[in-house]
Amino acid sequence: MADSSFDIVSKLDRQEVDNALNQAAKEVANRFDFRNVDAGIKWSGETIEIQANTEERANAVLDVLRDKLVKRGISLKSIDPSEPKASGKVHKLSVALKEGISQENAKKIGKIIREEGPKGVKAQIQGEELRVSSKKKDDLQAVMALLKGQDLDVALQFVNYR
């Protein structure tokens, strides 16, 4: 019998991120506490740009975005906000989106699987994803449960389960 396997990836659904950004922009435009503070949120290339007249307001807009991302099922581990920086009369904050599993995180995940996972489970690093394989499907499900319980600094998805 052939080995069963699945891939561990860290990907973002760009459409959901875009929807969350549009909802956040709409809420910022309509909320009373954001009136007359030059608050705004928009795409700037591959990052999200937030601006407001004070540092606190910029962080409040970021909180609105985080709320919308969570409601859309996107992990907050997949965003990397910078500190607000003063730029003239406004404070700007950029939010980078993180995709892919770095080599360092892939090695850390592989070590967790080897040390704490069931015997006979193999993990291979393939670029920005990991392929986990085993003879038994139950072992693969145990690895998924193990990784979901870990506090890793990357959002994980499990795909290509066969």
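We did not get these values from a lab; they are worked out from the coordinates using the rules stated. Model, not experiment: these values are computed from the prediction. Don't worry about glycine lacking a Cβ; one is built from the backbone with ideal geometry, like all the others, and counts go over all protein chains shown.
How high is the FRET efficiency from Asp18 to Lys148, r the C-beta distance, R0 22 Å, rounded to 0.05?
The value I calculate is 0.25.
Cross-link partners among aspartates and glutamates for Lys122, C-alpha distance below 20 Å, same-chain residues fewer than 8 apart left out?
Asp3, Asp7, Glu104, Asp138, Asp139
Can you tell me which lysines have their Cα less than 26 Å from the Cα of Lys85? Leave out same-chain residues fewer than eight positions away.
Answer for Lys85, where 26 Å is the Cα cut-off: Lys26, Lys42, Lys68, Lys77, Lys98, listed by chain and number.
Based on the mean of other beta carbon atoms within 10 Å per residue, what is the order of 125-133, 24-32, most packed first? Don't skip to the answer; put the middle values down first.
Values: 125-133: 16.9, 24-32: 14.4.
Ranking, from highest mean packing down: 125-133, 24-32.
Just report the Cα centroid separation between segment 105-162 and segment 19-59, whole Å.
38
Between Lys85 and Glu104, what length in nm is gained on full extension when 0.36 nm per residue of separation is reduced by their alpha carbon distance?
Extra length available between Lys85 and Glu104 comes to 3.9 nm.
What ranking do 10-23, 59-72, 149-162, 85-98 get when scored by the average of other Cβ atoms within 10 Å per residue, highest first?
With the highest mean Cβ count within 10 Å placed first, the list reads 59-72, 10-23, 85-98, 149-162.
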